[in-house]
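So the structure is just underneath, and the comments pick up after that.
Read-outs throughout are calculated quantities, based only on the coordinates presented, and are distinct from any laboratory measurement. Treat the numbers as computed from the prediction; the structure is a model and nothing was measured. Every residue, glycine as well, gets a Cβ built from its backbone with ideal geometry; the counts of neighbours run over all protein chains shown.
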Amino acid sequence: METREKKKRTTDEIIAYLLQSKREMQEEIKRDANSPEFQEALAKLRELNNNRK
Amino acid sequence: MPYQYSFIGGLNNSYFFETVNKIVYEIKFKPSPYLLAGNEFSELIYEFVIDVAINNSGKNPPLDNEVSLTIAEIFKEFFNAYSENVCIYICDSSDNRQDIRRKKFDQWFYKYQNDSFIKIDEILVDSNKNRYPVSMVILKRNPYIKQIIAAFIELSENEANK
């Protein structure tokens, strides 16, 4: 029984880790968009896109 | 034709691109050794996430086939750079739409993959019997493919389905 609980808890931990990690990365993506580095990279990408037209 | 994309790197290997509708998407590959902790291949495991970074339209992004194509290109570039890497994708179930997300991910994968990849699907079940679809994508030529697949399948094993 103890082993079963331990194994079950581990699966719960893995799920919790994956979901938490995904949420953190989604929040990071929202924050990234406002950073000067991202805006600079976006400006360069737009320049590249304009040059391709 | 895929959109032009840019690699900005960082801890979570970020890529981004902008659509014709001025929607900016960002993709991250986050190192996740925790998933196979204690396994000799744990350092090869990455979680894959995509989300909208900028959308000033006030509406949901419109359907755009170039988006899927661009994500596929980024995926291939990531694996071409590091062919031993493995990606894990979990479908969020907070709104009970996990099966729809899994279906969309499947459609995307089988439409754009070029037979160089293998996708393994598993379901993680928590103690409340909630189901969480998880997929792993790995290159067929990965030299550790058998061991990594076995370790991934072990993730989903629990007393309930033995």
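Across all directions, the shadow cast by the convex hull of segment B:1-160 built on its C-alpha atoms averages 10.4 square nanometres.
Taking trypsin sites (Lys or Arg not before Pro) across segment B:58-112, the ones in a DSSP loop with at most 14 further Cβ atoms lying within 10 angstrom of their Cβ are B:K59, B:R97. Taking a straight Cα-Cα cut-off under 13 Å and skipping sequence neighbours fewer than 8 places away in the same chain, the aspartates and glutamates within cross-link reach of A:K30 are B:E26, B:D51. Using Cα atoms only, what is the angle between the long axis of helix B:65-81 and the major principal axis of chain B, expressed in degrees (0 to 90) to the nearest 10? Once rounded, one gets 50 degrees.
Which of the pairs B:K76/B:K103; B:K59/B:K119; B:K28/B:K140 have their Cα atoms more than 30 Å apart in this structure? Violating the 30 Å Cα-Cα cut-off are B:K59/B:K119.
Please say if segment B:95-162 is rounded, prolate or oblate, where rounded means a/c under 1.5 for a ≥ b ≥ c the square roots of the C-alpha gyration tensor eigenvalues, and otherwise the choice is prolate for a/b larger than b/c and oblate otherwise? Taking the square roots of the gyration eigenvalues as a ≥ b ≥ c, segment B:95-162 is oblate.
Largest GNM mean-square fluctuation among B:I50, B:I148, B:I71, using chain B with Cα springs under 10 Å: B:I50. As a proxy for reagent exposure, ranking A:T10, B:T70 by other Cβ atoms within 10 Å from fewest up yields A:T10, B:T70. Taking GluC sites (Glu not before Pro) in DSSP loop states with no more than 15 other Cβ atoms inside 10 Å as exposed sites, chain B has its longest site-free stretch at B:41-156. Partner aspartates and glutamates whose Cα lies under 20 Å from the Cα of B:K129, excluding those fewer than 8 positions away in the same chain, are identified as A:E2, A:E5, A:D12, A:E13, B:D92, B:D95, B:D99, B:D121, B:E154, B:E157, B:E159. For B:D51, the residues 5 or more places off, or on other chains, whose built amide H falls under 5 Å of its own are B:E26. In the protein assembly as shown, the ratio of gyration radius to Kirkwood radius, Rg to Rh, stands at 0.98 when only Cα atoms are counted.
Compared with the dominant principal axis of the Cα atoms in chain B, helix B:98-112 is inclined by about 70°. The angle between the Cα long axis of helix B:145-156 and the main principal axis of chain B comes to about 80°, on a 0 to 90 degree scale.
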